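Report on the structure given below.
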Amino acid sequence: MLGRAVGERLFPGALILLEGELGAGKTVFARGVGRGLGVRGPIGSPTFNILIVYNGRLPFHHFDLYRLEDDEELFELGIDEYLEGDGVTLVEWAGKFGRFFSQPALSVEVARLGDNERSVSLSAHGAEYVPILEEIMRLRG
């Protein structure tokens, strides 16, 4: 799985900005990232919790910002503390607060093409993410 391959290559302080429509497969990708980070047990959607923290090779902070309305709610979560930590932070619906996420990141766009088909686009925003993309491209042939 692509998410797992990405998770296996992430580093302390990594940030993934995840976009896609409802039902596109964002949480499936996030689950793969968690597996790649060595998280055991169920990895669910934080839609109603907004944040779920998992333990793996690195701490995995899985945010879902779908239900948030403004920057104040985002800051009340203390998201900046997670971004400055040594874990991996994955943010679903990051585009709602795009102006907040200006630091280097791996952007992922998931699009639903059919019932069982998805398109996933990855882009590196920062030199530290380029090797991840190069490795993934080599693996996919």
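Here are some notes:
- Scanning region 99-115 for residues that are under 18 Å from L65 (Cα atoms), assigned to a loop (DSSP other than H, G, I, E, B) and either in contact (Cβ under 8 Å) with a residue 12 or more places away in the chain or touching a Lys or Arg at 6+ places or on another chain (Cβ under 6 Å) (or both) yields a count of 3.
- Counted residues, region 5-28 - those being in a loop (DSSP other than H, G, I, E, B), of a type in the set (D, E) and in contact with a helix residue (DSSP H, G or I) (Cβ under 8 Å, 6 or more places away or on another chain): 0
- Residues in region 116-128 that are under 17 Å from G32 (Cβ atoms) and either part of a strand (DSSP E or B) or at pLDDT 85 or above (or both): 6 in all.
- One residue stands out among those in region 9-32 that are closer than 21 Å to S123 by Cβ and small (G, A, S): the one that is surrounded by the most Cβ atoms within 10 Å (Cβ to Cβ), which is A30.
- Single residue of region 33-89 satisfying the filter (of a type in the set (A, V, I, L, M) and in a loop (DSSP other than H, G, I, E, B)) that is surrounded by the fewest Cβ atoms within 10 Å (Cβ to Cβ): L77
- Qualifying residue in region 81-93 (condition: of a type in the set (S, T, N, Q), at pLDDT 90 or above and more than 11 Å from the chain's Cα centre (by Cα)): no
The values are calculated or read from the model by the stated rules, or taken from the named source; none is laboratory data. From a predicted model like this one, the values you see are computed outputs, not experimental measurements. Counting neighbours? That spans all protein chains shown, and the Cβs are built from the backbone with ideal geometry, glycine included.
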